[in-house]
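A short write-up of the structure that comes next.
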Amino acid sequence: QVQLVESGGGLVQPGGSLRLSCAASGSIFSASIMGWYRQAPGKPRALVAAISPGGTIQYADVVKGRFTISRDNAKNSIFLQMNGLKHEDSAVYYCNAKTGAITSWGQGNQVTVSS
């Protein structure tokens, strides 16, 4: 299983930016589909963005054009650059790794968009 440690959340005003980071342990990072999910109170956890080992990227429609996911295989890390943040982006953001049949989750990082 991959161990995931997230950082970079916090409080930001509407229209602002934040960058989330996720550092992964283990030698199988480069073979893992990595992603960011988020969960707001009373709502199910939902995919925000994902990136395959080969660099294929998927975004949720609600973040397209505002969020950018990237990965650095040399540093076993992924990132989520979030621009143009809205109130509805407030949630706990989770890093996720899928390696074959194994799914790993980070501890979660709160992002709050508020004026």
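So which of ALA40, ALA60, ALA49, ALA74 ends up being touching a helix residue (DSSP H, G or I) at 6+ places or on another chain (Cβ under 7 Å) and either closer than 17 Å to GLY16 by Cα or small (Gly, Ala, Ser) (or both)?
Details: ALA40 fails: touching a helix residue (DSSP H, G or I) at 6+ places or on another chain (Cβ under 7 Å); ALA60 fails: touching a helix residue (DSSP H, G or I) at 6+ places or on another chain (Cβ under 7 Å); ALA74 fails: touching a helix residue (DSSP H, G or I) at 6+ places or on another chain (Cβ under 7 Å).
The match here is ALA49.
Once the stretch 1-34 is narrowed to residues that are touching a residue at least 60 places away in the same chain (Cβ under 8 Å) and among the hydroxyl-bearing types (Ser, Thr, Tyr), the residue that is farthest from GLY100 (Cα to Cα) is SER17. Within the stretch 38-91, being part of a helix (DSSP H, G or I) and either of a type in the set (D, E, K, R) or touching a strand residue (DSSP E or B) at 6+ places or on another chain (Cβ under 7 Å) (or both) holds for ASP61, VAL63, LYS75, HIS87, GLU88, ASP89.
Residues of the stretch 1-49 that are over 14 Å from VAL92 (Cα atoms) and polar (S, T, N, Q): GLN1, GLN3, GLN13, SER17, SER25, SER27, SER30, SER32.
The residues of the stretch 19-57 that are open to solvent by less than 30 Å² (accessible area, probe 1.4 Å) and more than 19 Å from LYS75 (Cα to Cα), listed by number, are ALA40, VAL48, ALA49. Residue check: ALA31 meets all listed conditions (1) out of contact with any Pro (no Cβ under 9 Å at 6 or more places or on another chain); (2) modelled with pLDDT under 95 but one, namely (1).
Quick check on this structure: which one of LYS64, LYS98 is more than 13 Å from LEU4 (Cα to Cα), open to solvent by 40 Å² or more (accessible area, probe 1.4 Å) and either over 11 Å from the mean Cα position of the chain (by Cα) or modelled with pLDDT under 95 (or both)? Working first, answer last.
On the way: LYS98 fails: more than 13 Å from LEU4 (Cα to Cα).
Exactly one residue qualifies, and that residue is LYS64.
Counting just the residues of the stretch 9-18 that are within 15 Å of the chain's Cα centre (by Cα) and either modelled with pLDDT of 95 or more or farther than 11 Å from GLN110 by Cα (or both), which one comes out surrounded by the most Cβ atoms within 10 Å (Cβ to Cβ)? Walk me through it before giving the result.
Applying the first criterion (within 15 Å of the chain's Cα centre (by Cα)) to the stretch 9-18 yields 9-10, 17-18.
After this cut, where a residue has to be either modelled with pLDDT of 95 or more or farther than 11 Å from GLN110 by Cα (or both) as well, the list is 10, 17-18.
On the way: GLY10: 12, SER17: 11, LEU18: 21.
Filtering the stretch 9-18 for residues that are within 15 Å of the chain's Cα centre (by Cα) and either modelled with pLDDT of 95 or more or farther than 11 Å from GLN110 by Cα (or both), the one surrounded by the most Cβ atoms within 10 Å (Cβ to Cβ) comes out as LEU18.
The values are calculated or read from the model by the stated rules, or taken from the named source; none is laboratory data. All of these numbers come straight from a predicted model, not from anything done at the bench. Cβ sites come from the backbone with ideal geometry, for glycine too, and all protein chains shown count toward neighbours. Heavy atoms of the whole protein, side chains included, go into the accessibility calculation; ligands, DNA and RNA do not. Shrake-Rupley method; radii C 1.70, N 1.55, O 1.52, S 1.80 Å.
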